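A.B. asks: Quick one: this structure, given as structure tokens, is what I'll be asking you about.
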Amino acid sequence: MIPFSPPRIDQKIIDEVIDTLKSGWITTGPKTKRFEKKITEYCGNRSTLCLNSATAGLEIMLRWFGVKEGDEVIVPAYTYCATANVVLHCGAKVVFADIGEDFNISLHSVKNAITENTKVIMPVDYGGYPCDYDELNALVRSEEIRSKFNPLNEIQKTLGRILVLSDAAHSFGATYKGKKTGCLTDVTVFSFHAVKNLTTSEGGAIALNFPEPFNNNEIYEYLCIKTLHGQNKDALAKTKPGAWRYDVIEAGYKMNMTDINASIGLVELSRYDSETLVQRKHIIDRYTKAFSVKEWAIIPEYKNECKETSYHLYALRIKGATEDQRDKIIAKIFEKQVSVNVHFVPVPMMSYYKSLGYDITGYPVSFDHYQNVITLPVYFDLTDEQTDEVVNAVTKSVLEVM
């Protein structure tokens, strides 16, 4: 069976993890801090905080901005549930927007969804393909939209507009107009989950990039406290002689990354551009070459004159397929010993969100893309021969069903 997305665990990673274990420092410590600095250097943003998940990063930024009951946060209907769940955790209302042909949030749909209660827009870089950030940034800065903004705390007053909080769980290493994700808008959150291009087994990072007069280093220092129970000293700081005393300045959260996780990330980051992205691009180029001659195949957009994906997903769509036909094709593919997936079931289709009154019929492009999409295996150790097996299995299965 060809798996869908196993992590790359080789001797370099094993050796680095062993080095961490032998160091005696396994919680948040020197390797986590080094990983944060390396991410900042790589992405070109102003400061970076590593955490235990991207979900934690999204939620803590909403809470930092003061999002609460009565507020609204705009997210794409086509995303993983975490993007919407964190909004509900804060007591706010999720406002879904539809997507465009590239699976990313529609600027037109976003604009129509903005009200005087909108505090945050959370675009999602689907499959690693960046959203149109210049357009989103211009929208929230426009006089028309700024005039609707109703700030309710000092941070919101200082920003003076809707916050753009990028869910870049898929897009570490992607580029937009020559810049890496992480420095494209106010704040960006990455995922380093086991199936991501760059993994730390579990983990995530907040890439801070706020404009003046915000001090991103001060925000970083505060978030370090907020994500560690509100404690004003972490374990590393308390190792200094006589520095045991600490205070708790608020009821914070437990979201920190460990040095074990960071050690994996440091190895992965050191070879990300030279190895990981090169191999993933090679696989996706092979898929595109093979499927572009099939009249039933809709090839995903992953590069244009302005942006290039991180090659996280290959979302192949089957032209004219219904949801039922797509599911039958997937079953046929699995029979041929190839694992595939669907990214994603739109959030308004989930039972919990349906129980809140959301209805997928309000987001027709999201449903249209969902009903005929199949995501194919893309991972570092996938060979050319296995890629050919995937292509053959998909092709035969489509012809058997359609």
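A.B. asks: State the dimensionless ratio Rg/Rh of the range 261-401 (Rg: radius of gyration of Cα atoms; Rh: Kirkwood radius).
C.D. replies: My calculation puts Rg/Rh at 1.01.
A.B. asks: Among 182-193, 142-153, 312-323, how do they line up by average Cβ neighbours within 10 Å per residue, starting with the highest?
C.D. replies: 182-193, 312-323, 142-153
A.B. asks: So how exposed is His108, as accessible area in Å² (1.4 Å probe, rounded to 10)?
C.D. replies: Using a 1.4 Å probe on the heavy atoms, I get roughly 130 Å².
A.B. asks: For the range 231-293, with every protein chain kept in place, what is the accessible area per residue (1.4 Å probe, Å²)?
C.D. replies: Heavy-atom accessible area per residue stands at 52 Å².
A.B. asks: Which percent of the accessible heavy-atom area of the range 20-102 goes to carbon and sulfur, probe 1.4 angstrom?
C.D. replies: Of all accessible area on the range 20-102, carbon and sulfur atoms account for 53 percent.
A.B. asks: Could you state how much accessible area Tyr253 has, in square angstrom rounded to the nearest 10, with a 1.4 Å probe and all protein chains kept in place?
C.D. replies: We get 70 Å² for Tyr253.
A.B. asks: Further, regarding this structure: Nearest 500 deg cm²/dmol is fine: what mean residue ellipticity at 222 nm does the chain get from its DSSP H runs of n ≥ 4 alone, each adding -39,500 (n - 2.57), divided by its residue count?
C.D. replies: It lands at -11500 deg cm²/dmol.
A.B. asks: Separate question: Just the number please: accessible area per residue for the range 16-59, 1.4 Å probe, all protein chains included, in Å².
C.D. replies: I get 44 Å² per residue for the range 16-59.
A.B. asks: Solvent-accessible area of Met1, probe 1.4 Å, all protein chains present, reported in Å² to the nearest ten, please.
C.D. replies: 120
A.B. asks: Separate question: Of all accessible surface on the range 192-236 at a 1.4 Å probe, what whole percent is carbon and sulfur?
C.D. replies: 51
A.B. asks: What does the accessible area per residue of the range 312-402 come to in Å², with a 1.4 Å probe and no ligands, DNA or RNA counted?
C.D. replies: That works out to 44 Å² per residue.
A.B. asks: Separate question: What is the antiparallel percent of DSSP beta bridges lying wholly in the range 27-158, to the nearest 5?
C.D. replies: The answer is about 10 percent antiparallel.
A.B. asks: Taking the mean number of other Cβ atoms within 10 Å as a proxy for protection, how do you rank 339-347, 125-133, 154-162 from highest to lowest?
C.D. replies: Peptide ranking by packing, descending: 125-133, 339-347, 154-162.
A.B. asks: Identify the GluC sites (Glu not before Pro) of the range 1-103 meeting these criteria: DSSP loop state and at most 15 other C-beta atoms within 10 Å of the C-beta.
C.D. replies: Answer in residue order: Glu69, Glu101.
A.B. asks: So what J values fall out for the range 372-383 if you push phi through Karplus, 6.51 cos²θ - 1.76 cosθ + 1.60 with θ = phi - 60°, rounded to Hz, Gly and Pro as x?
C.D. replies: 10, 9, 9, 8, 9, x, 9, 7, 4, 8, 6, 8
A.B. asks: Then there's this: Hey, which aspartates and glutamates would be in cross-link range of Lys240, C-alpha to C-alpha under 19 Å, not counting anything within fewer than 8 residues on its own chain?
C.D. replies: Glu221, Asp259
A.B. asks: Could you work out the local net charge near Met402, counting Lys and Arg as +1, Asp and Glu as -1, over the other residues with Cβ closer than 14 Å to its Cβ?
C.D. replies: +2
A.B. asks: In the set [x] 36; [y] 30; [z] 42, which value of percent of Cα pairs over 32 Å apart was calculated from the structure you see?
C.D. replies: [x]
A.B. asks: Right, here's the next one. If amide H atoms are built 1.01 Å from N in the plane of the peptide, which residues on other chains or at least 5 residues away come under 5 Å of the amide H of Leu198?
C.D. replies: So Leu198 has HN proximity to no qualifying residue.
A.B. asks: Still on this structure, I have one more. Order Leu356, Leu399, Leu277, most accessible first, counting only protein heavy atoms with a 1.4 angstrom probe.
C.D. replies: Greatest to least solvent exposure: Leu399, Leu356, Leu277.
A.B. asks: Express as a percent, rounded to the nearest 5, the fraction of DSSP beta bridges in the range 104-207 (both residues included) that run antiparallel.
C.D. replies: 50
A.B. asks: Considering the Cα trace of the range 63-214, what is its radius of gyration and what is Dmax, both in angstroms?
C.D. replies: Just the Cα atoms of the range 63-214 yield Rg and Dmax of 14.6, 43 Å.
A.B. asks: Which net charge results for the neighbourhood of Gly57, defined as the other residues with beta-carbon distances under 15 angstrom from its beta-carbon, given Lys and Arg at +1 and Asp and Glu at -1?
C.D. replies: -2
A.B. asks: Ala297's amide H: which non-local residues (gap 5+, or another chain) put their own amide H closer than 5 Å, with H modeled 1.01 Å from N in plane and none for Pro or chain starts?
C.D. replies: Lys319
A.B. asks: Now a separate question. Taking every DSSP beta bridge that has both residues in the chain, what percent is antiparallel when rounded to the nearest 5?
C.D. replies: 65
A.B. asks: If you don't mind, another one. Report relative contact order for the range 200-258 in percent, whole number only (criteria: Cα-Cα under 8 Å, sequence separation at least 6).
C.D. replies: Contact order relative to length: 34 percent.
A.B. asks: Once amide H atoms are placed 1.01 Å from N in the peptide plane, what residues at a sequence separation of 5 or more from Val338, or on another chain, have their amide H within under 5 Å of its amide H?
C.D. replies: Ile2
The values are calculated or read from the model by the stated rules, or taken from the named source; none is laboratory data. Source: prediction; values computed, not measured. Note that each Cβ is placed from the backbone with ideal geometry, even for glycine, and that neighbours are counted across all protein chains shown. To get the accessible areas, we keep the full protein, side chains included, count just its heavy atoms, and leave off ligands, DNA and RNA. Shrake-Rupley method; radii C 1.70, N 1.55, O 1.52, S 1.80 Å.
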